[in-house]
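Just so it is clear, none of the values below were taken in a lab; they were calculated from the coordinates. The structure presented is a predicted model; accordingly, all values stated were derived computationally and were not measured. As a convention, Cβ positions derive from the backbone with ideal geometry for all residues, glycine included, and neighbour counts pool all protein chains shown.
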Amino acid sequence: MPITINADAKTFTFINTFHTDRSRQGAIVAALARFTEDVTVSLPGFVGTAVHTSIDGARVVNYVQWRSGEDMNAMRADPRFAAHMADLNGLADRIEPVVFEVAYVRPT
């Protein structure tokens with residue numbers, strides 16, 4: 001299922017904001033892509049992910065959708081996730097993980 005931003009969808013959205021600098025932005029993107037391809041895609045309930053980099057080089061935002069809160073929490077309890085986040089802690093000055101639900105979408 002592709003990522004769909006839809007207020008009627010029952011997906012859970014996990015958004016991580018990584019505060020960093022331009023010199024580490026690419027390493028964070030690579031780590032996120034590697035973890036997604038090596039681990040996340042095989043986990044139950046994974047819907048899709050997108051990684052965004054800020055133009056000023058100061059942030060990376062990782063947007064991950066899960067079919068349910070239980071699926072998302074199972075991923076967060078996986079020991080591979082803890083190791084992944086430890087690696088990212090070494091690349092980011094600060095990480096802000098937040099779970100969201102879509103409240104409003106205005107399609108074109």
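Classify the chain as rounded, prolate or oblate, taking a ≥ b ≥ c as the square roots of the eigenvalues of its Cα gyration tensor: rounded when a/c is under 1.5, otherwise prolate if a/b is larger than b/c and oblate if not.
Working: a/c = 2.00, a/b = 1.26, b/c = 1.59.
It is oblate, given that a/c is not under 1.5 and a/b is not larger than b/c.
Can you show me the helix-derived [θ] at 222 nm for the chain, built from DSSP H runs with n ≥ 4 at -39,500 (n - 2.57) apiece and divided by the number of residues, rounded to the nearest 500. Don't skip to the answer; put the middle values down first.
Numbers: 3 runs with 37 residues, N = 108.
Roughly -10500 deg cm²/dmol at 222 nm, from the helical runs in the chain.
Loop only by DSSP, 15 or fewer other Cβ within 10 Å of the Cβ. Give me the GluC sites (Glu not before Pro) in the range 36-108 that pass, ordered by residue number. It would help to have the intermediate numbers written out before the result.
Details: sites: Glu37, Glu70, Glu101; in loops: Glu101.
For GluC sites (Glu not before Pro) across the range 36-108 that sit outside H, G, I, E and B with at most 15 neighbouring Cβ atoms in 10 Å, the list reads Glu101.
First select every other residue whose beta carbon is under 15 angstrom from the beta carbon of Gln65; then total the charges, Lys and Arg +1, Asp and Glu -1.
Values: positive: Lys10, Arg67, Arg76; negative: Asp8, Glu70, Asp71, Glu101.
Here the charged neighbours net out to -1.
A simple count of charges around Ser54, restricted to other residues whose Cβ falls under 15 Å of its Cβ and scoring Lys, Arg +1 and Asp, Glu -1, yields 0. Using the Cβ of His84 as centre and a radius below 14 Å, the other residues enclosed give a net charge of -1, where K and R count +1 and D and E count -1.
Charging the Cβ of each Asp and Glu at -1 and of each Lys and Arg at +1, and nothing else, the dipole of the chain about its Cα centre rounds to 140 debye. Of the trypsin sites (Lys or Arg not before Pro) in the range 9-47, the ones in a loop by DSSP (not H, G, I, E or B) with at most 11 other beta carbons within 10 Å are Lys10.
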